[in-house]
Amino acid sequence: MSTGFELSREHEEFRRSVREFAEAEIAPHAATWDREHHFPVEVVQRMGELGLFGLTAPEEYGGAGEDGDFTSLCVAIEEIGRVDQSMGITLEAGVGLGINPILTFGTEEQKQTWLPDLVAGRRLAGFGLTENGAGSDAGATRTRAVLEDGEWVIDGAKQFITNSGSSITSLVTVTARTATTAPGEKPEISTIMVPAGTPGFTAEKAYDKLGWHASDTHPLSFEGVRVPEGNLLGERGRGYAQFLATLDDGRVAIAALAVGCLQACLDMSVTYALGRETFGGPIGRKQGVAFQIADLEVMLESSRLLTYRAAAMKDAGAPVEQFKRAAAIAKLHATESAVTATRIATQVFGGYGFMEEYPVARFYRDAKVLEIGEGTSEVQRMLIARGLGLPVE
């Protein structure tokens, strides 16, 4: 089985086309969207017209079919994230958390109902997992769903849910306890699709976040929400396994978003270090500056290699445990490197790096959540340690 991770000529050509789109349609407006906390629906839909939401979907649902793969999705996320992390996470979550669970676990009827609009980028879907008090401990989910007269009745709340309350959100897939268990027993957790606008389902006021200001993120509440029994996604009681598989893919995609952040920090730092002059010459001639930028290059290259190695393993159908380990390594290294890179880039810019008129300030704010979303750095270390046979808790 080949798990080589050098990008093909087709991938590099695709990268150029996405970069042209990102620089023309997103980069000129990213600062304004960030400042105004504006979610640009029209640009999201143009990303759909470009085919970015359909890169991993079969042709029968409007996707790229054999012309697309997971590596292509990572390339697209990296290039969008290089100019705007908010739009990068919108794409990442739209595919990884919105489309992927339905594509992987849904019935044919569910796929035909929901995927065409999602794949085309006309609509978005969210994945409701995280709860207050049950973040990384997803088994502590308190949201409940009871089957009554052919309908699931859902009560509970979720938090930090991306793409969950926009004007084009069509549904949110939520995890819920679907059976009462005795103390100490493993809970039965299932996943259920809840269409937007269902009575009792409310996307609360959007969060006032440190970063990702142009990303749509809400807390959700469910009060006696009733959906058909057929809205169960996959097998009853398999929700825990389903969201673990979903997060494995998502970790590689988040790593790709971090690579985009790293590339932006390197590009901005090199340009500024060559143009900013002090004491009769560019600051880039000073080892204190140049060596830090050299470190950015090392972090970028190592993160990119780890990310696309994991993506190649996904595309090649590598064994689950092998892919899970590679995903955790890529996510941990790339996201922590991205946070460090934004600190270095801000330092290179000096006082200007602290000013919102320069993009480094936005990337500095956006980067921190990369170490948290879709599995914290601590969770990644735990997964890696367990893979080494260590009985870590």
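Per-residue 3J(HN,Hα) values for the stretch 147-163, derived from phi via the Karplus relation 6.51 cos²θ - 1.76 cosθ + 1.60 with θ = phi - 60°, read 8, 9, 6, x, 9, 8, 10, 10, 9, x, 8, 10, 9, 6, 9, 7, 6 Hz in sequence order (x marks Gly and Pro).
The phi torsions of the stretch 244-256, fed into the Karplus equation with coefficients 6.51, -1.76 and 1.60 and a -60° offset, translate into couplings of 5, 5, 4, 5, 4, 4, x, 5, 5, 5, 5, 4, 5 Hz, rounded to whole numbers, with Gly and Pro shown as x.
Remark on Val225: its backbone amide H falls under 5 Å from those of Ile154, a criterion applied only to residues 5 or more positions apart or on other chains, H modelled at 1.01 Å from N. Per residue, the average separation of C-alpha pairs within less than 8 Å and at least 6 apart gives the stretch 240-387 a relative contact order of 33 percent.
In this structure the amide hydrogen of Gln159, modeled in the peptide plane, comes within under 5 Å of the amide hydrogens of Thr130, Glu131, Asn132, Leu220, none closer than 5 places in sequence on its chain.
In µm²/s, what is D for the stretch 126-237 at 25 °C and 0.890 mPa s, where D = kT/(6 pi eta Rh) by Stokes-Einstein and Rh is the Kirkwood radius from Cα pairs?
Details: Rh = 14.3 Å.
After rounding, the answer is 172 µm²/s.
Going from the fewest other Cβ atoms within 10 Å to the most, the residues Thr175, Thr376, Thr307 appear in the order Thr376, Thr175, Thr307. Footprinting exposure proxy ranking of Leu147, Leu257, fewest other C-beta atoms within 10 angstrom first, gives Leu147, Leu257. With the alpha-carbon atoms of the stretch 275-355 aligned to their principal axes, the span from lowest to highest coordinate is 57, 22, 16 Å, starting with the largest.
When the dipole is taken about the Cα centre of the chain, and only Lys, Arg (+1) and Asp, Glu (-1) are charged at their Cβ, what size is it in debye, to the nearest 20? All intermediate terms of the calculation are to be shown ahead of the outcome.
Numbers: 36 positive and 54 negative charges, 215 e Å.
In total the dipole reaches around 1040 debye.
In the chain, helical runs assigned H by DSSP with n ≥ 4 each contribute -39500 (n - 2.57); averaged across all residues and rounded to the nearest 500, the mean residue ellipticity at 222 nm is -15500 deg cm²/dmol.
Structural size metrics of the chain, computed from C-alpha coordinates, are Rg and Dmax of 21.1, 80 Å. With θ taken as phi - 60° and the Karplus curve 6.51 cos²θ - 1.76 cosθ + 1.60 applied, the whole-hertz 3J(HN,Hα) list for the stretch 202-217 is 10, 8, 6, 3, 4, 5, 9, 9, 5, x, 6, 5, 8, 8, 8, 9 Hz, x standing for glycine and proline. Computed from Cα atoms alone, the Kirkwood hydrodynamic radius reported for the stretch 9-122 is 14.2 Å. Amide H contacts of Asp84: none lie under 5 Å away among residues 5 or more positions distant or on a separate chain (H built 1.01 Å from N in the peptide plane; Pro and chain starts excluded).
Taking the longest Cα principal axis of the chain as reference, the axis of helix 9-21 is set at about 90 degrees. Among Asp366, Asp249, a tally of other beta-carbon atoms within 10 Å of each Cβ gives an order, fewest to most, of Asp249, Asp366.
Find the all-direction average of the projected area of the Cα convex hull for the stretch 240-387, expressing the result in square nanometres with one decimal place. Here the figure is 9.4 nm², rounded to one decimal.
Each value in this text was obtained by applying a stated rule to the coordinates, not by laboratory testing. Here the structure is a predicted model, which means the values were calculated and not measured. All Cβ positions, glycine included, derive from the backbone under ideal geometry; neighbour counts span all protein chains shown.
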